[in-house]
Every structure is written in C-alpha cells, then in structure tokens.
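Peer 1: Shown below is the structure under consideration.
The values are calculated or read from the model by the stated rules, or taken from the named source; none is laboratory data. Owing to the predicted nature of the structure, the values given are computational and were not obtained by experimental measurement. Note that each Cβ is placed from the backbone with ideal geometry, even for glycine, and that neighbours are counted across all protein chains shown. These area figures cover heavy atoms from the full protein model, side chains too; ligands, DNA and RNA do not enter into them. Shrake-Rupley method; radii C 1.70, N 1.55, O 1.52, S 1.80 Å.
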Amino acid sequence: MTTVKSFPPSCSTTMFKCRQSPTSPENLGFSMLCGINAARSCRSRKSLALVYDGAKSKQYTGASLIDDSVRNCSRKSLKPIKAKNDSESSCTDNTAAFSGKNLRQMSNIGNSTNILWHDCPIQKRDRQQLLQQRGCVIWLTGLSGSGKSTLACALSQSLHSRGKLTYILDGDNLRHGLNRDLSFRAEDRSENIRRIGEVAKLFADAGVICITSLISPYQKDRDACRALLPEGDFIEVFIDVPLHVCEARDPKGLYKLARAGKIKGFTGIDDPYEPPCGCEIVLQLKGSECKSPKDMAEIVISYLEKSGHLKA
C-alpha cells in the first residue's frame, strides 16, 4: 500500500470504521465513495479512496490507494450496481461473443472449423465515400511479354494523377513473398491465382482500385476470382498479343529457355493459355500497330468512368 499523505494518529487504525451514526453525513459520503470504487473495479483492482475526517472541520486529510476497498465498508453501505447493456458498458471485452447466442452462426470452411465472421460498423461504402471512388479489381491477363506489368504501372500512374488510390498485385512480385512456396505446376498455379484473388478482394473491399498483373492462364481460375466480388467490380482486361510477338519481345529471356527445354510448363510453349470468353475489355494488337501503355491505360480509365468506379 502506497500512502500519498499520512493520516493523523487518531485515524491510523479505525479510519474505515463508522465512528458516528450510520446516517451521519460523513458515513453517507464514505458509503458513496465505496460504491464508486466498486463500480470502477472492472478497470482496476485498486481504487482511489478519499478519506474524510470529520474531526478536521470537514477537510480532506489524505488519500490512499487500497486493495478491494469494498471489503472495508459494511455490506449495508454498498450501493447495488445496475447491470448495463453491451452498448452502455465501460468495459472493453465483448461478452456477447461468449454468450452462446452466436453458435448457430459458426462456420466450417475448408480446413478451418468453428469460425465466426465478425462485422464492423465501418463498411465498404463508408471507405468508398472517404476515398471518393468505388473499390474494384482490374484483372490484367495475357501471355508473358504481352505488356501486363507495363500497362499496370501506366494505369496506376494515370489514376494516381487523378487523385485515385490504386495498388498493383504483380504476379512475380507476389512470388517473392506471399506465394514463394508455390511452383509453376498446374495445381500450384491455381493456388497462386486463388490467393491473389482473395487479396485483391480485400483491397477492393477497402475501397482501393486493385490492379492485378499476372498470366492467369486458366479460365476456371479467373472465373473463381470473379465470383469473389460483387457484380461489376471484377473488370477483366485481356491483352491480346500473339505468341510470336511476345516471343520476339521476350523481355525476361524465358521463351528462349522454354524452347531450349530448360523451363518446363511454360505458358504458350508446353502449357496452354485459355483466352477469356466474355471479358470486359480487350486490348488487341492489330497488325504492326501497337498502342502506347498510356493510350491503353486511357481505354481502361474510360471504362471506369462509364461504370462509375471513379466516384463514390
């Protein structure tokens, strides 16, 4: 016990006992203090009790930090504490989670059992209002060397200059961290797309315009990602550049390695690419004509303006 101010000798042993009648102003005041301390006990076991000494002309003579001050008062002097609703409680723990009334909402998803979705008061519409844009996923797909990453950066830069918040999920970049445990086998490529789709969904829910840049060769995987988002918020952009053009560009030298047999399962060489059927935007190379990344970005931005994604 830490004493802030020492008490006079007359108060040292009997200061918490009722020395006057139970209905005296001094005892009533002390009972109120005990009630206050009891009500605050959910925040701390130690309560600050101000000791009133009637012998000193109604002046406070000291203060002391005491444990469980309620025990130092008679039971009759304690005021009952009225139970409060969850919204009124000053305690931070959510007792509703332990009441059992949410048991019917528990879910088993995949290998995760007994999980419960927790909603928060700030929703997607609130974040979109804050950002003055609608969260969505712009899914760039095409062969290696078709210009997906270049377009993603140009698109992000153009939207940024308009005051819009974007984020790029680049396939190679994510394999440096989140997906570094995955190979390029068909099953791992599907898992790669699934993970990126889930992350993109979170960005869109945050109100961000999320731009994904990855080959994503299989239609079923892209369709699965589309199904994660509300209708209209998944915008598939097919960069339709012929294989021979991509192979001539070969910015990473991967086509050369694949042709030499040093890379197995390379899309377009010994693994198929399934072109989108029903995508929102097709950026097609016509003959030798090739639009600049900025021009292609403007085509996508024009679509976003018409669809209402650039305003809340």
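Peer 1: How large is ³J(HN,Hα), in whole Hz, for each residue of region 263-270 in order, when computed from phi with the Karplus curve 6.51 cos²θ - 1.76 cosθ + 1.60 and θ = phi - 60°, using x for Gly and Pro?
Peer 2: Each residue of region 263-270 in turn: 10, 9, x, 8, 4, x, 10, 10 Hz.
Peer 1: Which whole-Hz ³J(HN,Hα) couplings does region 161-178 yield from phi under the Karplus relation 6.51 cos²θ - 1.76 cosθ + 1.60, θ = phi - 60°, glycine and proline marked x?
Peer 2: Running phi through 6.51 cos²θ - 1.76 cosθ + 1.60 with θ = phi - 60° gives 5, 8, x, 10, 8, 10, 8, 9, 9, 9, x, 5, 4, 5, 6, 7, x, 3 Hz.
Peer 1: What accessible area, in Å² to the nearest ten, does a 1.4 Å probe give for Asp223?
Peer 2: Looks like 70 Å² after rounding.
Peer 1: Tell me, what is the per residue accessible area of region 158-205 in Å², probe radius 1.4 Å? Display every interim value, and only then the final one.
Peer 2: Working: 2750 Å² over 48 residues.
Per-residue value: 57 Å².
Peer 1: First check a/c for region 112-168, with a ≥ b ≥ c the square roots of the eigenvalues of its C-alpha gyration tensor; if it is under 1.5, answer rounded, and if not, answer prolate when a/b is larger than b/c or oblate otherwise.
Peer 2: Verdict is oblate for region 112-168.
Peer 1: Search the structure for amide H atoms under 5 Å from the amide H of Gln132, placed 1.01 Å from N in the peptide plane, and list their residues when 5 or more places away or on another chain.
Peer 2: When sequence neighbours closer than 5 places are left aside, there are no close amide H contacts.
Peer 1: I'd like the Karplus ³J(HN,Hα) series for region 203-216: coefficients 6.51, -1.76, 1.60, θ = phi - 60°, whole numbers in Hz, and an x wherever there's a Gly or Pro.
Peer 2: For region 203-216, the Karplus-derived couplings read 4, 5, 5, 6, x, 8, 7, 9, 10, 9, 9, 7, 4, 6 Hz, x marking Gly and Pro.
Peer 1: Run the 1.4 Å probe and let me know the accessible area of Tyr303, rounded to the nearest 10 Å².
Peer 2: In the full protein context, Tyr303 sits at about 80 Å².
Peer 1: Okay, next question. Using amide H atoms built 1.01 Å from N in the peptide plane, name the residues 5+ places from Ile168, or on other chains, whose amide H lies under 5 Å from its own.
Peer 2: Under 5 Å from the amide H of Ile168 lie the amide H atoms of Ile211, each far enough along the sequence or on another chain.
Peer 1: Mind listing the long-range amide H neighbours of Asp271? Cut-off is under 5 Å, sequence gap 5 or more, other chains count too, H placed in the peptide plane at 1.01 Å from N.
Peer 2: Amide H to amide H, under 5 Å and 5 or more residues apart or across chains, Asp271 pairs with Phe266.
Peer 1: So what is Rg over Rh here for region 203-255, counting just Cα atoms and using Kirkwood for Rh? Could the numbers behind the result be given before it?
Peer 2: On the way: Rg = 14.4 Å, Rh = 13.4 Å.
With Rh from the inverse mean 1/r over Cα pairs, Rg/Rh is 1.07.
Peer 1: Moving on. Just the number, please: Stokes-Einstein D of region 200-312 in µm²/s, Kirkwood Rh from C-alpha pairs, 10 °C, 1.306 mPa s. Kindly include the intermediate steps, with their values, before the conclusion.
Peer 2: Numbers: Rh = 16.1 Å.
Approximately 98 µm²/s, per Stokes-Einstein.
Peer 1: Given a 1.4 Å probe and every protein chain left where it sits, what share in percent of the accessible area of region 175-225 is carbon and sulfur? Walk me through the numbers on the way to the answer.
Peer 2: On the way: 1320 of 2250 Å².
For region 175-225, the apolar C and S fraction of the accessible surface comes to 59 percent.
Peer 1: Note the full-extension length gain between Ala227 and Ser107 as 0.36 nm times their separation in residues minus their Cα-Cα distance, in nm to one decimal.
Peer 2: Working: separation 120, 0.36 × 120 = 43.20 nm, distance 1.97 nm.
Taking 0.36 nm per residue and subtracting the Cα distance, the gain is 41.2 nm.
Peer 1: How many angstrom lie between the C-alpha centres of region 120-135 and region 149-181?
Peer 2: The distance from the Cα centre of region 120-135 to that of region 149-181 comes to 21 Å.
Peer 1: If you don't mind, another one. What's the local net charge at Met296, with K and R +1, D and E -1, over the other residues with C-beta under 15 Å away? Walk me through the numbers before you get to the answer.
Peer 2: Values: positive: Lys148, Lys286, Lys291, Lys294; negative: Glu236, Asp240, Glu280, Glu289, Asp295, Glu298.
Summing Lys/Arg as +1 and Asp/Glu as -1 gives -2.
Peer 1: Still on this structure: So, taking all protein chains as they sit and a 1.4 Å probe, how much accessible area belongs to Glu198, in Å² rounded to tens?
Peer 2: Its accessible surface works out to 70 Å², give or take rounding.
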